[in-house]
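Heads up, the thing below is written out as structure tokens.
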Amino acid sequence: MIKVEKLNKSFGDLHVLKDVDMTVKESDVVVLIGASGSGKSTLLRCLNFLEIKNSGTITIEGKQIEPDKDDLNKVRQTVGMVFQHFNLFPHKTVLENVIEAPLMVKKMKKDEAVKEGKELLAKVGLAEKADVYPSKLSGGQKQRVAIARSLAMKPDIMLFDEPTSALDPELVGEVLSTMKELAREGMTMVVVTHEMGFAREVADWVCYMHGGRIVERGHPDELFDNPTEQRTQDFLSSIL
Ligand code: ADP
Ligand code: MG
């Protein structure tokens, strides 16, 4: 689904991603961990072309994407993204938030978009909130709306950048449950998170990033219980 080879990204003089290689197969859940500033968000943003790489290749579903030639809006329909801050439209209801992109970008018929939007809200457990405004929702509910909104574009791959980091602890579980459900249904996912319980339970692979490189990759049990790199061990002991 995703193949990244020798990806490099700099901001001015700051070399943030250094020869990153990454492969994500269909239905894989890959969890990216690493200290703040190690390049996790930049890597995700490169994968849906919110940031443009300096060098290397990014292949999505078998097609190498070239930002100057390919329609990046189309790529972003295939690769959905959920952020730490939900950025819902405050003046639109929950359902209007979810159907906005299908209506505007995909030119879907309104009744069809509404039908699908309601199904998605039911899926994230918010059917009864369709007509309320985001300000009436808890953070966990807002994040689940953001997930439904992203799914409304029918992506094949979902990227999550610390989706629970801005939430009060008691609201984290409901968002993780929604993500687990998606994983069970076979969604291909790349997730940046500090929720190690989620990583252990759901991830097929865990990648540890340090200084702009993926320094270790393994199955969760291997990587958490028997990391081979000293830097991974140091990071894990600092957070656990
Ligand atoms: P992480 O998500 O692992 O915390 P980031 O990918 O956000 O790391 O950031 C990696 C490095 O790149 C940091 O030093 C950060 O300050 C820098 N950086 C990220 N985005 C930008 C940007 N748009 N302009 C300049 N520097 C940036
Ligand atoms: Mg980040």
(message) Testing LYS69 on (1) out of contact with any Gly (no Cβ under 6 Å at 6 or more places or on another chain); (2) away from ligand 1 (no atom under 13 Å from the Cβ); (3) free of Cβ contacts under 8 Å to residues at least 60 places away in the same chain; (4) farther than 23 Å from PRO155 by Cβ, one condition comes back false. Which one is that?
(response) (4)
(request) Kindly list the number of the only condition in (1) of a type in the set (A, V, I, L, M); (2) without any contact (Cβ under 8 Å) to a residue 24 or more places away in the chain; (3) crowded, with 20+ Cβ neighbours inside 10 Å; (4) part of a strand (DSSP E or B) that fails for LEU223. (result) (4)
(request) Say whether the condition of being at pLDDT 95 or above, more than 13 Å from the chain's Cα centre (by Cα) and closer than 30 Å to LYS118 by Cβ is met by at least one residue in the range 203-224. (result) no
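Table: residues versus (1) within 16 Å of ligand 1 (Cβ to nearest atom); (2) modelled with pLDDT under 95.
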{"position": "SER38", "(1), (2)": "yes, no"}
{"position": "SER41", "(1), (2)": "yes, no"}
{"position": "THR59", "(1), (2)": "no, no"}
{"position": "PRO90", "(1), (2)": "no, no"}
{"position": "LEU95", "(1), (2)": "no, no"}
{"position": "GLU100", "(1), (2)": "no, no"}
{"position": "LYS106", "(1), (2)": "no, yes"}
{"position": "ASP111", "(1), (2)": "no, no"}
{"position": "LYS115", "(1), (2)": "no, no"}
(request) Enumerate the pairs (first residue in the range 10-33 and at pLDDT 95 or above; second residue anywhere and away from ligand 1 (no atom under 16 Å from the Cβ) and polar (S, T, N, Q)) with beta-carbon separation below 6 Å, excluding pairs fewer than 6 apart on the same chain, so at least 6 apart or on different chains. (result) GLU26/THR188; SER27/THR188; ASP28/THR188
(message) What's the number of the only condition in (1) touching a Leu at 6+ places or on another chain (Cβ under 9 Å); (2) away from ligand 2 (no atom under 16 Å from the Cβ); (3) modelled with pLDDT of 95 or more; (4) within 16 Å of VAL190 (Cβ to Cβ) that LEU120 fails to meet?
(response) (4)
(request) Mind counting the residues in the range 28-66 that are more than 11 Å from ligand 2 (Cβ to nearest atom), part of a loop (DSSP other than H, G, I, E, B) and either of a type in the set (Val, Ile, Thr) or surrounded by 13 or more Cβ atoms within 10 Å (Cβ to Cβ) (or both)? (result) 10
(request) Just one of (1) more than 15 Å from ligand 2 (Cβ to nearest atom); (2) farther than 26 Å from ASP234 by Cβ; (3) not in a helix (DSSP H, G or I) trips up GLN77, so point out which. (result) (3)
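The values are calculated or read from the model by the stated rules, or taken from the named source; none is laboratory data. Quantities reported herein were computed from a predicted structural model and do not represent experimental measurements. Quick reminder, even Gly has a Cβ in these numbers, built from the backbone with ideal geometry, and neighbours come from all protein chains shown.
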